[in-house]
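Visitor: Following this message is one structure expressed as structure tokens.
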Amino acid sequence: MEDQLLNFVQQNSSNMTTGGVSVKTSSASLSMCMLGGSHERDAAVAREALEQGDTNFKALVEIFVGRKSSHIALIKQAYQKNYGRQLDQDIVRMEPPHPFQNILVAISTSHKAHQADVSQHIAKCDARRLFETGEGSSGAIEEAVVLEIFSKRTMSQLKLTFSCYKHIYGHDYTKSLKRGNSTAFEDALKMVVKCILNPPNYYAKTLYASIKGKTVNKGSLVARVIVCRAEVDMDEIQNNFRRKYGMELREAISESIPSGDYRDFLFDLASKTATANTISS
């Protein structure tokens, strides 16, 4: 289905306007959606995220959390080939330092692990460590403990850990990060955990916030999410969107994106995804 969407993007992206502004000149992200391989596209998204004055940490987190380790390796190869730089090093050298930085480095390191199977025992132990360094203590969360766990565990193992945490302590791990005096690291960690725990719910909220918010490049984000999640969970994202907000994704686009060919393009892109997922199911 991703190939079909890429063809659709390529066929419909020329000469589109929104509010009199050409899509091609106003949105580099949309051009990225038309790159051949998904690893090439992710490498371009990562480069744009790092080059922005205000680094787009959300885009970087979504790449490292949402892709398999084999795919991350291809992204890093494409990044080095296309930009003559190493993605990990560019993240490490970001200035000024940011709480997302260490989390991203830890997750990137976790993709180098060769742990194939998930372990219930490890998950329970990690859940207890997270509790003891978080809501089980009186002070701020111990970043070093969290980063150690994130750097050594696969995404599947982390999901099991968060499931064990809820089973043992009766609530999601993110609830422990919603304290009134939470640190910047805890706020960043909460966003990452939500992306790991329930991607369809995370992306449904992201799409709604982008479409209904005042973001300048809302259209490019919508297009990127639809194309990049097409063969992963776009059907679940659309279902979550409908349940949470009482409308179809394409209806929200029609209501909130400025009129013009760009809105029509996004509407058709969302409709095509919904139709493809209905046929495949």
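Visitor: At 0.36 nm per residue, and after removing the present C-alpha to C-alpha distance, how many nm does the segment from Lys212 to Arg128 gain when stretched out fully? Working shown, then result.
Guide: On the way: separation 84, 0.36 × 84 = 30.24 nm, distance 3.88 nm.
Length gained, Lys212 through Arg128: 26.4 nm.
Visitor: In addition: Between Asp268 and Asp187, take the C-beta separation as r, use R0 = 30 Å, and let me know the FRET efficiency to the nearest 0.05.
Guide: Numbers: r = 36 Å, r/R0 = 1.21.
The value I calculate is 0.25.
Visitor: Follow-up question, since we're still on this one. Taking a spot 7 Å from the Cα of Ala140 along the direction of its beta carbon, which residues of region 158-188 have an amide N less than 17 Å from it?
Guide: Label zone hits: 177-188.
Visitor: Can I ask one more? Using 0.36 nm per residue, how much length does the chain from Asp117 to Glu248 gain when fully extended, once their Cα-Cα distance is taken away? Mind dumping the intermediate values first?
Guide: Details: separation 131, 0.36 × 131 = 47.16 nm, distance 3.73 nm.
Answer, rounded to one decimal: 43.4 nm.
Visitor: Under a 5 Å amide H to amide H cut-off, with H placed in plane at 1.01 Å, what residues pair with Gly260 once short-range neighbours are removed?
Guide: For Gly260, whose amide H was placed from the backbone, there are no distant partners under 5 Å.
Visitor: Report, by chain and number, residues whose modeled amide H sits under 5 Å from the one on Ala140, excluding near sequence neighbours (fewer than 5 apart, same chain).
Guide: none
Visitor: On a 21 Å Cα-Cα criterion, which of the cross-link pairs Lys112/Lys166; Lys68/Lys166; Lys159/Lys212; Lys175/Lys205; Lys68/Lys159; Lys76/Lys194 come out too long?
Guide: Numbers: Lys112/Lys166 27 Å; Lys68/Lys166 25 Å; Lys159/Lys212 30 Å; Lys175/Lys205 17 Å; Lys68/Lys159 14 Å; Lys76/Lys194 24 Å.
Flagged as over cut-off: Lys112/Lys166; Lys68/Lys166; Lys159/Lys212; Lys76/Lys194.
Visitor: So for Lys112, Lys58, what's the accessible-area order with a 1.4 Å probe, most first? Provide the component values of the computation, followed by the final result.
Guide: Working: Lys112 125, Lys58 80 Å².
Solvent-accessible surface, decreasing: Lys112, Lys58.
Visitor: Something else about it: Using a Förster radius of 41 Å, what is the FRET efficiency between Ile168 and Gln89 based on their Cβ-Cβ separation? Nearest 0.05, please. It would help to have the intermediate numbers written out before the result.
Guide: Working: r = 38 Å, r/R0 = 0.93.
About 0.60, to the nearest 0.05.
Visitor: Multiply the residue gap between Ser70 and Gln52 by 0.36 nm, knock off their C-alpha separation, and tell me the result in nm, one decimal place. Don't jump to the answer; show the numbers that get you there.
Guide: Numbers: separation 18, 0.36 × 18 = 6.48 nm, distance 2.68 nm.
Result for the pair: 3.8 nm of gain on full extension.
The values are calculated or read from the model by the stated rules, or taken from the named source; none is laboratory data. Please read all numbers here as calculations on a predicted model, not as lab measurements. Neighbour counts are summed over all protein chains in view; Cβ atoms, including those assigned to glycine, are modelled from backbone coordinates with ideal geometry. Side chains included, ligands, DNA and RNA excluded: accessible areas come from the protein's heavy atoms. Shrake-Rupley method; radii C 1.70, N 1.55, O 1.52, S 1.80 Å.
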